[in-house]
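Since the structure comes first, as structure tokens, the remarks are kept for the end.
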Amino acid sequence: MAFEPSLKLNGDGDWGGDMTLRELLCRRREWSEENTIFVVEPWSEDSAAFLSNEATETTDPIIQSGKCYAYFLEGFIARDFLDDLGAPDDVGEAACERLIRYAIDDA
């Protein structure tokens, strides 16, 4: 199943809002090296996710549309991790959970 971004939050091209972490990860081939992922806690594959269009100098949370998005990972790190796992473009629950564990324990 292919996912489409459901909302662009601003004119900068950031993705998020109604998009889940899993949906966002399924679009990883479209990210640039500068993208940063923010996710509403507690983290799960169904958590609301936001992909910032710019590299961030901080891990401070972002408040967007009344939701608090916590820093998750740099986009290129998440993409490389999933690629190293051999995860297909349609990322499954197991790959999402492994990435979340990596973000919590090792990043």
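Before moving on, here are some points about what is shown:
- Residues (out of contact with any strand residue (DSSP E or B) (no Cβ under 9 Å at 6 or more places or on another chain) and more than 11 Å from TRP31 (Cβ to Cβ)) located in segment 66-76: GLY66
- Top-ranked residue of segment 47-101 - restricted to ones that are among the aliphatic types (A, V, I, L, M) and in a helix (DSSP H, G or I), ranked as nearest to GLU33 (Cα to Cα): ILE77
- Within segment 82-94, tally of residues that are of a type in the set (Gly, Ala, Ser) and within 17 Å of ALA48 (Cα to Cα): 1
- Residue that is nearest to ASP105 (Cα to Cα) [pool: residues in segment 39-73 that are among the charged types (D, E, K, R) and modelled with pLDDT under 95]: ASP60
- The residue that is surrounded by the fewest Cβ atoms within 10 Å (Cβ to Cβ), counting only those in segment 23-46 that are assigned to a loop (DSSP other than H, G, I, E, B) and among the acidic types (Asp, Glu), is GLU33.
- Restricting the first member to segment 33-51 and to residues that are over 12 Å from CYS68 (Cα atoms), and the second to residues that are in a strand (DSSP E or B) and hydroxyl-bearing (Ser, Thr, Tyr), the beta-carbon pairs closer than 7 Å and six or more apart or on different chains are ASN35/SER52; THR36/SER52; GLU45/THR20; ASP46/THR20.
The values are calculated or read from the model by the stated rules, or taken from the named source; none is laboratory data. Everything numeric in this text was worked out from a predicted model, so none of it was measured. Note: ideal-geometry Cβ built from the backbone for every residue, glycine included; neighbour counts use all protein chains shown.
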